[in-house]
Every structure is written in structure tokens, then in C-alpha cells.
Amino acid sequence: MNAFEIKNMSKRYSKSDRFELKNVSLTLPSGCIMGLIGENGAGKTTLINAMLGIISKDSGEVSFFDEPECISSKDEIGVVLGEDSFPDMLNPIQVNKMMKGIYSKWDEEKYFDLLQRFDLPEKKALKAFSRGMKVKLSIAVALSHNARLLILDEPTNGLDPVIRDEIVDIFYEFTRNPQNSVLISSHIVSDLEKLCDYIAFLHRGKLVLCEEKDRLLEQYGIIHCTAEELKKIDSDAIKGEKVSPYGVEAVVERRAIPAEFEISPVGVEELFVLLVKGAR
């Protein structure tokens, strides 16, 4: 079973808008975590909002749990879209009462356990919460109604490294159940490199690649050479490069590189940076 499948999704806000999400197709198998990466304005939030029906899409199809074109149950999907998910005058106890009326599978005990784990005061109004505290509250809500899929747009943004690491552990725990899956967008690529099974890379509204993380890191590597040496390599095998006074650093497809070149391993963050340069 797939947690979700997107086929040929496109979205343009207006004819005068230069940005366009164009023919994006993504599939996430159940039990896996997909990291959605891309620079600011690449289309990550547009993609997530369109797949959830928050904004209309111009074309394409979305299915969740192999059920076409609809979200079968709001209980099945936990969503974190930012820090301002709840009215500022509420406190976490009042959020609990509100969620009990929305989700048929609301787990009050789990919710209050997460509040304690995140060190969130139950009776303090959200207007007194920091950005990080509001994000942690949204994550607590998303994890407290027995969802099978979490969709998280920059959930660790604004959190200190200790809390980010704790939240990454919580997502690991969530996917120990083979029916549970996560789609997480973030510009903190190091978090995604530790966490994800799949990496999807958006650039200017287009999907540059989507692949299993381990296979991706096997497929690509880094070479350091001169500009003249780079000319010996098939241009199709060069996915991005950075030129400096000291030479050229390029991300390449390993299988197409002559044996005379030494290929170093590439991390997801290096791959992302150099692919953006290549796409430009």
C-alpha cells in the first residue's frame, strides 16, 4: 500500500505569476519517511497545500492509502503546517477539548503525555508561547489522533538542536509501525539526511529527482578537478558544479565517470546545493 500518490500535479496562482508547480508526481510507500527539500520558493508548501486540498490544483490526481482523489478520513492524516495552527487566546487544555470534537480517534492521554515530554505548560495561553513551543504543540496534536500519515511543512524550523533531535526520534518511533508514514519538508537538510528513506528535490516548481536516499548516495558522487579535466566527462553525467580559484567541485553520476577520476561520497546537503547550481 502507498501512503500517498501524486500524479502530474500542477498549480499556478495567476498568469502573471512566474512560479508554477509543474507536473509533479510522487509516491510514498507505507512505512517510509520522505524528505521534501528545495530552496525557499521552490514549491514545497504549494505542493503540500494542494495535495491536502487547502488550495485548488490546476491539474493532477492525489490518492491517500490507495483511495483515489479524496482524503478517506481526517483521523488518518496528521498535519503540521506552521506555528499558527490554533487561536492565540486558547491554552493547550482548551486545544484538547477542541480536538476531541474534531477527531473520532483523539487520544487525550497521549496528547497530555506529549505536552509533558515537550515541556509545554497546559494552562498558558498560546499568545505567550514562543515559535518553537507553538510548533511543538502542533506536532503533539498531529501525533494524538492515531494518524497513519504525518504531513509536516518545516516542523523543526525555529527549534533548537536538542529539541529537533528529540522530534526526529519521535518520528522514528512513529514509523516503527509499518503502516505509518511521514512526508516532511525542511530546509535543515541534515535533519532529513538522518531521518528519511526517500528524498524528493523540488526546484522552481519542478521535481528534479525523487529516489531512495541510500540509492541516491550510491548513484552520485563528488569529484574535484580542473575545468579542463571536467571537459573529459560526458556533460549528461554532470548534475551540478561549483567553480572556485582552486578548481571545480562537481556532483556526477558515478557510472559515467572515467576510471582516472577519484570520486568521493556525497551527502544529501552537498547534493542539494550542487544540484541547485546545476539547475540554474
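Please work out which one of (1) modelled with pLDDT of 90 or more; (2) within 21 Å of L21 (Cα to Cα); (3) among the charged types (D, E, K, R) is the condition E69 fails and give its number.
(1)
Sort out which residues of the stretch 30-48 are more than 13 Å from the chain's Cα centre (by Cα) and surrounded by 16 or more Cβ atoms within 10 Å (Cβ to Cβ), and write them in order of number.
S30, G31
Which residues, taken from the stretch 43-62, are part of a helix (DSSP H, G or I), under 14 Å from V79 (Cα atoms) and either in contact (Cβ under 8 Å) with a residue 60 or more places away in the chain or polar (S, T, N, Q) (or both)? Talk me through it step by step, then tell me what you get.
If we filter the stretch 43-62 for residues that are part of a helix (DSSP H, G or I), which is where we start, we get 44-51.
In the following step, the residues that additionally are under 14 Å from V79 (Cα atoms) were identified as 45, 47-51.
Across the stretch 43-62, the qualifying residues are T45, L47, I48, N49, M51.
Just a yes or no: is a residue in the stretch 176-185 modelled with pLDDT under 85, among the hydroxyl-bearing types (S, T, Y), under 26 Å from E20 (Cα atoms) and within 24 Å of the chain's Cα centre (by Cα)?
Residues of the stretch 176-185 modelled with pLDDT under 85: none.
Among the residues of the stretch 176-185, not one is modelled with pLDDT under 85, among the hydroxyl-bearing types (S, T, Y), under 26 Å from E20 (Cα atoms) and within 24 Å of the chain's Cα centre (by Cα), which makes the answer no.
Among the residues of the stretch 241-276, count how many are surrounded by fewer than 17 Cβ atoms within 10 Å (Cβ to Cβ), out of contact with any Gly (no Cβ under 9 Å at 6 or more places or on another chain) and either in the same structural domain as V189 (by TED's automatic domain parsing) or not in a strand (DSSP E or B) (or both).
Of the residues in the stretch 241-276, 10 are surrounded by fewer than 17 Cβ atoms within 10 Å (Cβ to Cβ), out of contact with any Gly (no Cβ under 9 Å at 6 or more places or on another chain) and either in the same structural domain as V189 (by TED's automatic domain parsing) or not in a strand (DSSP E or B) (or both).
Name the single residue, out of those in the stretch 78-97 being surrounded by 13 or more Cβ atoms within 10 Å (Cβ to Cβ) and at pLDDT below 95, that is farthest from the chain's Cα centre (by Cα).
If we take residues in the stretch 78-97 being surrounded by 13 or more Cβ atoms within 10 Å (Cβ to Cβ) and at pLDDT below 95, then F86 is farthest from the chain's Cα centre (by Cα).
May I ask you to say which residue of Q179, Q219 is free of Cβ contacts under 8 Å to residues at least 40 places away in the same chain and under 20 Å from T27 (Cβ atoms)? Can you show your working first?
Details: Q179 fails: free of Cβ contacts under 8 Å to residues at least 40 places away in the same chain.
From the options Q179, Q219, the qualifying one is Q219.
The values are calculated or read from the model by the stated rules, or taken from the named source; none is laboratory data. Here the structure is a predicted model, which means the values were calculated and not measured. All Cβ positions, glycine included, derive from the backbone under ideal geometry; neighbour counts span all protein chains shown.
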